[in-house]
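The structure under discussion appears below in the form of structure tokens.
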């Protein structure tokens, strides 16, 4: 599933072709993705001007000039790519939604597994939307700091990996970047969350921010279906220190450990038991 850096990269790619442009044509080829697409979806969007493209956690938020907000989640295999409408190839079997602008550009949404979603709300109701209302702070925002993480983890007996996957504690973190941040912070993914507050929280917040920023700068990690809105691949997978490196030597200088893989919360966790404590 695309994680925060991938979604942020897609948002940045969508801003230039969408912001300030009018939607001249919206095509919907099926009634549902993970959930039903809202009634009269093309009609409600056609003719509207895009004011801005934002991100909240792993959600893309497209605000229109009538106060409508289009919420998009890419799910497991969704991607949004930009092409000139006149040069667009015929739609494939998994190209479910298209948005054309008055500048002649098309944003095409492809989702082979159909785990993504599209919904409509208003700017006033956005914060109370069922998908967004329980989300924790943005890990790249000012509200996310060691004190906030301490408060979220206090009293929690689950492993720190599971606590970070809980979107109520921190919004947008996923499996890859949690593994990478815990490795950099020297914290075992099996450590009980309630023991992290303090110096460990300070290190962890710092490394979460750093790994997310580095991943965004690299265009995210291309794994299976993910590509940037331009169609280019991300490159951060070439910088992974631990994720997907089971059996390889730990990359930390002076460490003689080996990367292990365990399963937590139904997901693979990669870590070095020698320096992650």
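The values are calculated or read from the model by the stated rules, or taken from the named source; none is laboratory data. What you see is a predicted model, and the numbers here were worked out from it, not measured in a lab. Counting neighbours? That spans all protein chains shown, and the Cβs are built from the backbone with ideal geometry, glycine included.
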In this structure, is residue 64 outside the structural domain of residue 172 (by TED's automatic domain parsing), surrounded by 15 or more Cβ atoms within 10 Å (Cβ to Cβ) and out of contact with any helix residue (DSSP H, G or I) (no Cβ under 9 Å at 6 or more places or on another chain)?
no
Consider residue 26 against the criteria (1) within 30 Å of residue 211 (Cβ to Cβ); (2) touching a strand residue (DSSP E or B) at 6+ places or on another chain (Cβ under 6 Å); (3) surrounded by fewer than 22 Cβ atoms within 10 Å (Cβ to Cβ): it satisfies all of them except one. Which criterion is unmet?
(1)
State yes or no: is residue 12 outside any strand (DSSP E or B), in contact with a strand residue (DSSP E or B) (Cβ under 7 Å, 6 or more places away or on another chain) and under 24 Å from residue 94 (Cα atoms)?
no
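Can you say whether residue 245 is part of a loop (DSSP other than H, G, I, E, B), touching a residue at least 24 places away in the same chain (Cβ under 8 Å) and outside the structural domain of residue 187 (by TED's automatic domain parsing), as far as the supplied structure shows? Steps first, answer last, please.
Working: part of a loop (DSSP other than H, G, I, E, B): yes; touching a residue at least 24 places away in the same chain (Cβ under 8 Å): yes; outside the structural domain of residue 187 (by TED's automatic domain parsing): no.
In short, no.
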Determine which single condition residue 136 fails, assuming it passes every other condition in (1) touching a residue at least 40 places away in the same chain (Cβ under 8 Å); (2) outside the structural domain of residue 36 (by TED's automatic domain parsing).
(1)
The listed residue being in contact with a strand residue (DSSP E or B) (Cβ under 8 Å, 6 or more places away or on another chain), modelled with pLDDT of 95 or more and closer than 21 Å to residue 76 by Cβ, out of 182, 165:
165
Condition (residue is at negative phi, assigned to a helix (DSSP H, G or I) and touching a residue at least 24 places away in the same chain (Cβ under 8 Å)) applied to the range 23-43: is it met by at least one residue?
yes
The lone condition residue 178 fails out of (1) assigned to a helix (DSSP H, G or I); (2) out of contact with any helix residue (DSSP H, G or I) (no Cβ under 6 Å at 6 or more places or on another chain) is (2)
Some residue of the range 86-93 being out of contact with any helix residue (DSSP H, G or I) (no Cβ under 7 Å at 6 or more places or on another chain), touching a residue at least 12 places away in the same chain (Cβ under 8 Å) and either in the same structural domain as residue 171 (by TED's automatic domain parsing) or surrounded by 17 or more Cβ atoms within 10 Å (Cβ to Cβ) (or both)
no
